[in-house]
1. Cut-off under 21 Å on the C-alpha distance; same-chain residues fewer than 8 positions from Lys49 excluded. Which lysines are left, in chain and number order?
2. On full extension of the chain, what length is gained from Asn110 through Asn54, given 0.36 nm per residue of separation minus the C-alpha to C-alpha distance?
3. Want the number for Lys88 to Ser136: 0.36 nm per residue separation, take away the alpha-carbon distance, what's left?
4. Could you state, as a whole-number percent, how many of the C-alpha pairs of the chain are farther apart than 27 Å?
5. Which order do peptides 13-19, 95-101, 114-120 fall in by mean Cβ count within 10 Å, highest first?
6. Give the carbon-plus-sulfur fraction of the accessible surface of the chain in %, rounded to a whole number; probe 1.4 Å, heavy atoms of protein chains only.
7. Please list, or write none, the aspartates and glutamates whose alpha carbon is within less than 18 Å of the alpha carbon of Lys88, excluding same-chain residues fewer than 8 places away.
Amino acid sequence: MTELFKYRNEIQQIRESGVCCPPNELTAPNNLRAFRFVFEDSNNVRNHKPPGANNPKRILTEKEQKKCSLFGLSCFKGQEGAKQFFYKLSKHNPKFYKAVGETLSTGVLNDDDGLITEEDENTHFDLFEFESCDLSAKFTPIEKLI
């Protein structure tokens, strides 16, 4: 059985605009240790929702190519890369933490969770979750960043 993506309706709308979403170059995480920003309150419903689900108005302001990544969860392969990214964005936007959280968390992504994009120079990648994925049980806060 083929796994369905969470937010598949939103992804389909993006596809209909001519954007390849999610990208073709996705791979399985293969038990990958990952890092994510979360809110200190572990019950915060925004902790493991992508930006497009947390702030649907943002979709209207993004260019077509960026819309797809709004339905992937931002993750990092490296703890230091995640922290550097957080502080860099916080320097230019002091309220950045209000959108993503103030705490760094870690967990292991397996092939049942979804598919991931290639990492960038900051070790950042997007996780396009499968419908059955629940990261709240997998990720543990490890460091408050502010």
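1. Lys6, Lys57, Lys63, Lys66, Lys67, Lys77, Lys83, Lys95, Lys98, Lys138, Lys144
2. 17.8 nm is the gain from fully extending Asn110 to Asn54.
3. Gain on extension, Lys88 to Ser136, equals 14.7 nm.
4. For the chain, the share of Cα pairs beyond 27 Å comes to 17 percent.
5. 114-120, 95-101, 13-19
6. Result for the chain: 49 percent of the exposed heavy-atom area is carbon or sulfur.
7. Glu80, Glu102, Glu119, Asp120, Glu121, Glu143
The values are calculated or read from the model by the stated rules, or taken from the named source; none is laboratory data. Nothing here was measured: the structure is a model prediction, and the numbers come from that model. In this analysis, Cβ positions are derived from the backbone assuming ideal geometry, glycine residues included, and neighbour counts consider all displayed protein chains. Accessible surface areas use protein heavy atoms only, side chains included; no ligands, DNA or RNA. Shrake-Rupley method; radii C 1.70, N 1.55, O 1.52, S 1.80 Å.
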